[in-house]
Amino acid sequence: MTTRPPTTLPGDDRPAATLDGVVLDRAAMLCSAWGPPSAAFGPRYAAYDGVRRPPRLPGPPYHFVSRVTRFEGEAWTKKPGPSVEVEYDVPPDAWYFEGGRSMPYAVLLEVALQPCGWLATASGCALGREVDVRFRNLDGEGEALAEVLPSAERLTTTATLTSVSDTAAMSIVSFDVVTRAG
């Protein structure tokens, strides 16, 4: 059974950034998982609104991106430099808190990595190709400095695209990422 998210959630009134005329709020983030890609990224992704498949964020309940609050740098250029700040509103009664008192590392990892996938798409890594592109996280290292408890309210991830190697069939991208609570 697929669980659909409610139409509004706490935090939906928080400000969101805009990119190519799209307000990067919860609705746009859900479109980056399930909806028309042009509703998530603007008219450059209209070619993916039909049969073509762009890279996607996971849908709920494994969707950990509430809104983009800042996008800096050149979008669509497939070049290092752009950065993004993404918020995730932590529901105190989330499914992943059941049976434990803190957010599992696998969820925290997704909170940190999903903004990278979004940034790679906003940087144009899927554009200008005749074949559909997939993303795969191949390497990296991370350190959790504290537990994330149900009282966290919000996690903010800042991701910066640090390198792009682009060929006809693939993009290899690297990021610097920091996720913080509060």
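The values are calculated or read from the model by the stated rules, or taken from the named source; none is laboratory data. None of these values were measured; they are calculated from a predicted model. As a convention, Cβ positions derive from the backbone with ideal geometry for all residues, glycine included, and neighbour counts pool all protein chains shown. In case anyone asks, the SASA skips ligands and DNA or RNA and just uses the protein heavy atoms, side chains included. Shrake-Rupley method; radii C 1.70, N 1.55, O 1.52, S 1.80 Å.
Lys and Arg at +1, Asp and Glu at -1: add these up for the other residues within a Cβ distance under 11 Å of ASP166 and post the number.
Details: positive: LYS78, LYS79, ARG129; negative: none.
It works out to a net charge of +3.
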Seminar exercise, completed: Rounded to whole Å², per residue accessible area for the chain with a 1.4 Å probe reads 54
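Going by average Cβ density within 10 Å per residue, which order do the peptides 120-129, 20-29, 72-81, 96-105 take, highest to lowest? Don't skip to the answer; put the middle values down first.
Values: 120-129: 21.3, 20-29: 18.7, 72-81: 15.0, 96-105: 13.4.
Answer by packing, highest mean first, reads 120-129, 20-29, 72-81, 96-105.
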Exercise. Using the alpha-carbon atoms, what tilt in degrees (0 to 90, nearest 10) does helix 105-122 show relative to the longest principal axis of the chain?
Worked result: 30
Exercise. Which residues does a label at ARG14 reach in segment 137-173, if reach means a backbone N under 11 Å from a point 7 Å past the Cα toward the Cβ?
Worked result: 153-157
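Which order do peptides 107-119, 135-147, 33-45 fall in by mean Cβ count within 10 Å, highest first? Walk me through the intermediate numbers first.
Details: 107-119: 21.8, 135-147: 9.5, 33-45: 18.7.
Ranked from most to least packed, the peptides come out as 107-119, 33-45, 135-147.
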For this session: Output ³J(HN,Hα) for segment 157-164: one whole-Hz value per residue in order, computed from phi by the Karplus curve 6.51 cos²θ - 1.76 cosθ + 1.60 with θ = phi - 60°, and x for Gly and Pro.
Result: 10, 10, 10, 10, 6, 9, 7, 9
Exercise. Using θ = phi - 60° and the Karplus form 6.51 cos²θ - 1.76 cosθ + 1.60, what ³J(HN,Hα) does each residue of segment 35-50 get, whole Hz, x for Gly and Pro?
Worked result: x, x, x, 5, 6, 9, 10, x, x, 4, 9, 4, 4, 8, 6, x
Problem set entry | Long-range HN-HN contacts of ARG154 with modeled amide H, under 5 Å | VAL90, GLY182
Seminar exercise, completed: Counting only protein heavy atoms with a 1.4 Å probe and every protein chain in place, the carbon and sulfur fraction of the accessible surface of the chain in whole percent equals 54
For this session: Evaluate the relative contact order of the chain (contact order divided by residue number), counting alpha-carbon pairs under 8 angstrom at least 6 apart; express in whole percent.
Result: 21
Problem set entry | Relative contact order (%) - criterion: Cα under 8 Å, at least six apart; region: segment 83-154 | 59
